[in-house]
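The values are calculated or read from the model by the stated rules, or taken from the named source; none is laboratory data. Source: prediction; values computed, not measured. No Cβ is skipped: glycine too gets one built from the backbone with ideal geometry, and neighbour counts run over all protein chains shown.
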Amino acid sequence: MKPEIRLDYRARPSALAFMARALRPSPGLKRGVPAIAARWRHRVAPAELARFNALSGLPEGDTLPLLYPHTIAFPLHMAILTQPAFPVPIWRVLQVRNRILQHAPLPRDATLDIAVRVAGHRILEKGAEFDLHATVGDGAATAWESVNTFYVRGRFGAPTAESVPEAPKLGAPEQKVGLPGTAKWRMPAGGGWHYGGLSGDYNGVHMFGWYARKLGFPRAFFHPQRVLGQCLARLPHDASPPLRLDAWIKGPVFYGAPVAMRSESSHDGTRFALHVDDDARPAIVGHLRPAGDSIFS
């Protein structure tokens, strides 16, 4: 068994450093997926929290919003995905699913112990998926955790036994495109650079129209975490922990685009789907609900 690669940071990981590492060749999946873990202790700053809320469209609250750790932990995800031993290049990686579980509220002035590790991977027929598990605590206990799933297209051998992604237990939300309409608005026209400063994600598809077009997109588009904030800000729900958000990232949400969000609430939470430019296919699908004990169930 290969030894674990540990990345311990005393400050926010440098985006310049890990994006420079991303230029190195990747070893490929034939050598397996190494155990990589990263840590960072982060003190929440009022100005940074206010900038996060403004960019995400979320209101100020007495505790940290559900999506704040999701964004602030993301530099550690980037550090792992650009580590030279990671098997695939980050330039080909897309974020496709998020699972977020908040066990307990986090104070606005908390000092957060953030840890991210590679939790598993799957070989699919036309690609591979990688799960990164993040935990956040204010002291000894874990108050918040997530599993972010990243996809890369390609042929990597025979599909594994876990090649079928876990289906939502309460029905497939991506099929709920006929939900009652709840909100229509126009997405903000920019802010990608500012949000990149929070998340560490300076992918050119979020910054430059010319770069996005080079990769086949009509124009630059939002970071997925920021889109989820825009959605949650418009959902009627009780945000008291324990709380769970499952989100499926189906397509890009462009700067300045008109969007419509449809949602439906029931005893098992709220399902929602965000559509861009009257597209019948949702770009973001989510399920917000009271949480169980395990992020992996």
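Conditions tested, residue by residue: (1) in contact with a His (Cβ under 7 Å, 6 or more places away or on another chain); (2) acidic (Asp, Glu); (3) in a loop (DSSP other than H, G, I, E, B); (4) modelled with pLDDT of 95 or more.
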site	(1), (2), (3), (4)
91	no, no, no, no
104	no, no, yes, no
109	no, yes, yes, no
114	yes, no, no, yes
118	no, no, no, yes
129	yes, yes, no, no
133	no, no, no, yes
139	no, no, yes, no
147	yes, no, no, yes
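Only helices (runs of 4 or more DSSP H) whose full extent lies in segment 11-81 are considered here, and the ones with at least 2 residues that are in contact with a strand residue (DSSP E or B) (Cβ under 9 Å, 6 or more places away or on another chain) and crowded, with 20+ Cβ neighbours inside 10 Å are 68-72, 74-81.
Here residue 285 passes the criteria (1) out of contact with any helix residue (DSSP H, G or I) (no Cβ under 6 Å at 6 or more places or on another chain); (2) of a type in the set (Val, Ile, Thr); (3) farther than 20 Å from residue 72 by Cα except the one numbered (1).
Restricting attention to segment 246-297, which residues are of a type in the set (Asp, Glu) and within 20 Å of residue 150 (Cβ to Cβ)? Across segment 246-297, the qualifying residue is only 246. Residue 275 fulfils the conditions (1) in a loop (DSSP other than H, G, I, E, B); (2) farther than 16 Å from residue 100 by Cα except for a single criterion, (1). Within segment 90-117, residues that are in contact (Cβ under 8 Å) with a residue 40 or more places away in the chain and within 25 Å of residue 290 (Cβ to Cβ) reach partners that are buried (at least 17 other Cβ atoms within 10 Å of the Cβ) and acidic (Asp, Glu) with beta carbons closer than 7 Å, at six or more positions or on different chains, in the pairs 99/246; 101/145; 106/138; 107/138; 110/138; 112/138.
Touching a residue at least 24 places away in the same chain (Cβ under 8 Å) and small (Gly, Ala, Ser): does that describe residue 266? Answer is no for this residue. Taking segment 258-291 only, how many residues are of a type in the set (Gly, Ala, Ser) and farther than 20 Å from residue 67 by Cβ? Of the residues in that region, 3 qualify.
Can you find, within segment 93-145, the residue that is nearest to residue 285 (Cα to Cα) among those that are in contact with a Lys or Arg (Cβ under 6 Å, 6 or more places away or on another chain) and not charged (D, E, K, R)? Ranking the candidates gives 101 first. Residue-level analysis places residue 86 outside the set of residues that are in a strand (DSSP E or B), modelled with pLDDT of 90 or more and under 18 Å from residue 19 (Cβ atoms). Yes or no: residue 290 of a type outside the set (S, T, N, Q), at pLDDT below 95 and either surrounded by fewer than 21 Cβ atoms within 10 Å (Cβ to Cβ) or touching a strand residue (DSSP E or B) at 6+ places or on another chain (Cβ under 6 Å) (or both)? Taking the combined requirement at face value, the residue satisfies it. Inside segment 240-266, residues that are more than 20 Å from the chain's Cα centre (by Cα) and within 19 Å of residue 101 (Cβ to Cβ) make up a count of 1.
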